[in-house]
Structure formats: C-alpha cells, structure tokens
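Working notes for the structure below.
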Amino acid sequence: MTTGFDDIDEIKQYGSEKWYGLKEKFGTEDLIPLWVADMDFKAPQPVIERLTKVSQFGVYGNVKRTDNYYAAIINWMRKRYSWNIRKEWIGAGTRIIPSIGFAMRALTQPGDKVIIQPPVYDNFANIINKCGREVVTNPLIFKDNKYYMDFIDLEKKAQDPKVKMMIISNPHNPVGRVWSMDELTELGRICIKHNIIVICDQAYADLTYPCVKYIPFASICEDFAQNCITFSSLSKPFNLAGIHTAYAIIPNNDIRKAYDNFIESLHLKRSSLFSLVATEAAYEEGEGWLNDVINYIYANLQYMKSFIEAHIPTIRVIEPEFAYLVWLDLRNIATDPAQLDDFLVKKARLALNNGAMYGEGGHGFARVNIACPRKILEAALERIKNAV
Ligand SMILES: Cc1ncc(COP(=O)(O)O)c(C=O)c1O
C-alpha cells in the first residue's frame, strides 16, 4: 500500500500549468486549482528511480524503442484488458492530441467531416478544426443523472458520405462514462456500415474504478480492430504528461502504413529517451501504485458525494466510472457560462473547468479534478458551500 498521498510538502512542480497558469487563465492566483488534468501526486517510486538513474548517466543521445519497451506495453494490455496486441501494431506518438491530428491528416482529406460526442474534451474539436476538417456533433443524452450515446442521431449523421472518422473518448472526459460492451458494439456496427474509421482515445482507461470493466474498442472483434486506431498514454494514470508517452495501436496494415508515413514525413518517429524509460518502469513496476492511487481518489469521491449531499444539495454529482474527473451539475446556480465563472472564480475562489468549454450540453456544468490530497478537496468543498 503506497502512503503519502495525504502528506505532500511541495505540490507545485517545475513550470506546472495547473499552478502557474492560474493568473493567465483566471486573472488571479488566489484560487484552489482543480482544473488541468494532472494529479498533485508524485509518480511511482520505480519511475522516479529509473529516470534518476538515466538522468545521472548523463548521455542523452538518440534512442530506438527497445524490445523491453514493446514488451511492457504488450504485457500491460494483456494483463489489464486481456487484449493481445502485436509488437508491429504499436506506432509512435508524441502526445495523444497531436497524434490524433497525424491520423486525421493521414487518413482524411481537407473538408472531410469527423464525428465527436459532446460535451467532450475540447481539444477534439480544436484539432479537427486546426486540421481543416469539419466537426459533426453526436451529442450525448443526459438522463437520470447519467450519460448515454444517441445511436439514432449517430446513424443519421454517419450517412453523410463526407463523414470519414469518429473520435471517441473512452473513458469519457468529462462526463465520467466507461462505455459498455453493448454501447461500443452498436457504435462499431454503425461506423463499419458507413466506412467511418474509429479513433479511440483511451487516455484514462487505466484509471477505471475496480467495480467497472474497461473494454478496448478494438479488442471486441476483428472487424473493429481493423477499423480503429487506439491511442494510449501514461500521462493520466501515472501523472507523466510532461514526458510525452503516447503511442498508437493499429492492427490494420493499410491504416498503419498511412499513419507511419505521415509520422515519417514529419521526421517524428524517434522517441524521447525519458519517455521510453518512464513507460517501461511504470508498466513493469507501477501497477501497485496505480491501484493505490485509484483507491485514494475513490475515497475522495465518496467524501465529496457525502459532503455535497449533506451540505450543498442544490449541486448534483454525476457518478464517474473512473478516476479522477468529476462532472458537477451546477445548473441550479447558473447556466450562463460567464455567470458560472463568476460564481466559481469570484465567489468560491476555485479554478475548475467551466462545462461550456466542452461544447453542446456543457452549460451549467463544471469539471473538477479530485486527484489531490484530501485536505485540498475539503477546503475546496467548504468554499463551494460558503459561496452557495
Ligand atoms: C481525453 C483526453 N485525451 C488526451 C489527453 C491528452 O493526453 P496526452 O497527454 O497523452 O496528450 C487528455 C488530457 O487532458 C484528455 O483528457
């Protein structure tokens, strides 16, 4: 059992956006930062030790992805998800969002359309627009405090021959769903029927709570595997965003060739030394730490739910199925984004992500990052209570 999530002497890491970006984003530094999706916790000790060793060695030349690196990923997918992947399927990535952009440029044409499911991670729409493709939305349905996919709407939108790709967030940031076998199967059926390539962003998969099952979309059947690129990274589960550890899993030869050629054209195939070392260390020796941090965050979630139920019943928590993002329904306080910001920043003195940034259906909601020591969460909840 890892200890120490409660007692952190110094949370502010070198150059941390979460801490040092407050003034630029919110106009003041005097806020509790529960926004940028990083944890306040140090990475697992074996990761720190291996990075320290490599860093002290002092030679930082070009590196190739080693057999150990590939084995670490293959074993992780088999152990955690019973998904048997092959070495040759594993493609380079820098971070997930730029890599989605590479895939989009490699496999679609300017003016083509890409489906996303708002309210969803804002950088999906950003990267689609920046690549000169068009966003098509298939908004989620919010019913009885839970989110669902709208397959009737999806089937309709998928018929447009200009739609060539769909990006799914699984687990879904920010609404907290881990999509079920039935949901993924129906989505896959529709996409295959209409020749739409599925991009599965599984940034948070490893943080799925133990009572829920995460199913990689491409592991469901051969047809889905042949029509999908899965993007994974260690940013979220092991708090390594600053190290750029993303990679792609692409079973389809043609899709992989197109993706690889695009990466070659940018001369981006080489990995960062520290990314390889951190990936091997975390996958080989970090699972105990990961399970502990999930349990710690789950306890934070239970505390948050009880506190809100007892003291701020006007707010509703949408139960998340993975750590560490929580989607709050604040529509009883404000639905207008500027008014909600006013409440969160000026009255509650908190830095959260205003739901409006995630597109349709996000107004009146906010995303809270609870990967923090309990005492910080307690202080934040007190502030909301007093502000209400
Ligand atoms: C759904 C989702 N995908 C990808 C990312 C970024 O991942 P990476 O650091 O590997 O680019 C984030 C970061 O917040 C995210 O929420």
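Which whole-number percentage describes the relative contact order of the range 126-205, with Cα contacts under 8 Å and a sequence gap of 6 or more?
Contact order relative to length: 29 percent.
Residue by residue, what Karplus-based ³J(HN,Hα) values in Hz, rounded to whole numbers, does the range 261-267 have, using 6.51, -1.76 and 1.60 with θ = phi - 60° and x for Gly and Pro?
With coefficients 6.51, -1.76 and 1.60, one gets 4, 5, 4, 4, 5, 9, 6 Hz.
Hey, which lysines would be in cross-link range of residue 347, C-alpha to C-alpha under 16 Å, not counting anything within fewer than 8 residues on its own chain?
Within the straight-line limit of under 16 Å, residue 347 reaches these lysines: 385.
Please give me, ordered by residue number, the GluC sites (Glu not before Pro) of the range 21-120 that lie in loop per DSSP and have at most 16 other Cβ atoms within 10 Å. Please list the in-between numbers first.
Details: sites: 24, 29, 49, 88; in loops: 29.
Here the sparse-neighbourhood loop sites are 29.
As a check on your grasp of the helix formula, calculate [θ] at 222 nm for the chain: sum -39500 (n - 2.57) over DSSP H runs of n ≥ 4, divide by the residue count, round to the nearest 500.
Helix contribution divided over all residues of the chain: -12000 deg cm²/dmol.
In the range 66-184, if every C-alpha pair distance is counted and binned at 5 Å from zero, what percent goes to each bin?
For the range 66-184, the binned pair fractions read 2, 10, 17, 17, 18, 16, 12, 6, 1, 0 percent.
Under the rule that an exposed site lies in a DSSP loop and has at most 10 other Cβ atoms within 10 Å, name the longest stretch of the chain with no trypsin sites (Lys or Arg not before Pro) of that kind, not counting the sites themselves.
Details: sites that count: 64, 86.
Answer from the scan: 87-388.
Within 10 Å of each candidate Cβ there may be at most 15 other Cβ atoms; applying that plus a DSSP loop requirement, which chymotrypsin sites (Phe, Trp or Tyr not before Pro) in the range 5-107 survive?
In loop regions of the range 5-107 (DSSP not H, G, I, E or B), the sparsely surrounded chymotrypsin sites (Phe, Trp or Tyr not before Pro) are 14, 60.
Which of the residue pairs 64/87; 53/79; 113/157; 236/305; 18/42; 130/162 have a Cα-Cα distance greater than 20 Å in the structure shown? Please list the in-between numbers first.
Details: 64/87 14 Å; 53/79 27 Å; 113/157 10 Å; 236/305 23 Å; 18/42 15 Å; 130/162 17 Å.
The answer is 53/79; 236/305.
Mind running the shape call on the range 184-308? Use the C-alpha gyration tensor, a ≥ b ≥ c as the square roots of the eigenvalues: rounded below 1.5 for a/c, prolate if a/b tops b/c, oblate otherwise.
Oblate shape, in that a/c is at least 1.5 and b/c is the bigger or equal ratio.
In nm², what is the average projected area of the convex hull enclosing the Cα atoms of the chain? Let's see the in-between values first.
Values: hull surface 74.5 nm².
Directional mean of the projected Cα hull area for the chain stands at 18.6 nm².
What are the ³J(HN,Hα) values, in whole Hz, obtained from phi via the Karplus relation 6.51 cos²θ - 1.76 cosθ + 1.60 with θ = phi - 60°, for each residue of the range 234-247 in sequence order, with x given for Gly and Pro?
Rounded to whole hertz, the list is 9, 3, 7, x, 10, 6, 10, 4, x, 9, 6, 10, 5, 8.
Could you give the size of the charge dipole of the range 62-285 about its Cα centre, using +1 on the Cβ of each K and R and -1 on the Cβ of each D and E, expressed in debye and rounded to the nearest 20?
340 debye
Normalised by the residues of the chain, what does the relative contact order come to in percent, with Cα pairs under 8 Å and at least six apart?
Once normalised by length, the contact order is 24 percent.
Between the range 212-236 and the range 42-73, what's the alpha-carbon centroid distance in Å?
26 Å
What is the set of long-range amide H partners of residue 364 at a cut-off below 5 Å, with H atoms built 1.01 Å from backbone N?
355, 356
Principal axis lengths of the range 62-285 from Cα atoms, whole Å, largest first?
47, 42, 31
Which whole-Hz ³J(HN,Hα) couplings does the range 220-227 yield from phi under the Karplus relation 6.51 cos²θ - 1.76 cosθ + 1.60, θ = phi - 60°, glycine and proline marked x?
Ordered by residue, 3J(HN,Hα) equals 6, 7, 4, 4, 5, 4, 6, 10 Hz.
If each of residue 309 and residue 347 carries a label point 7 Å out from its Cα toward its Cβ, how far apart are those two points in nm?
Reported label-point gap for residue 309 and residue 347 is 2.5 nm.
In the Gaussian network model of the chain, springs joining C-alpha atoms below 10 Å, which of 82, 169, 272 carries the largest mean-square fluctuation?
In the Gaussian network model the winner is 82.
Could you tell me which of rounded, prolate or oblate describes the range 333-380, using a ≥ b ≥ c as the square roots of the eigenvalues of the alpha-carbon gyration tensor, with rounded for a/c under 1.5 and, failing that, prolate when a/b is larger than b/c and oblate otherwise? Mind showing how you got there, number by number?
Details: a/c = 3.17, a/b = 1.60, b/c = 1.98.
In terms of gyration-tensor shape, oblate.
With the chain treated as a Gaussian network of Cα nodes joined by springs under 10 Å, which of 215, 115, 141 yields the largest mean-square fluctuation?
Highest fluctuation among the options: 141.
What relative contact order, as a whole-number percentage, does the range 34-134 give when Cα pairs under 8 Å and 6 or more residues apart are counted? Working shown, then result.
Details: 41 pairs, mean separation 18.4, N = 101.
Answer for the range 34-134 is 18 percent.
Where a number appears in this text, it was derived from the coordinates with a stated rule and is not lab data. Predicted model, so just to flag it, every value in this text is computed and none were measured. Methodologically, a virtual Cβ is constructed for each residue, glycine included, from the backbone with ideal geometry; neighbour enumeration extends over all protein chains shown.
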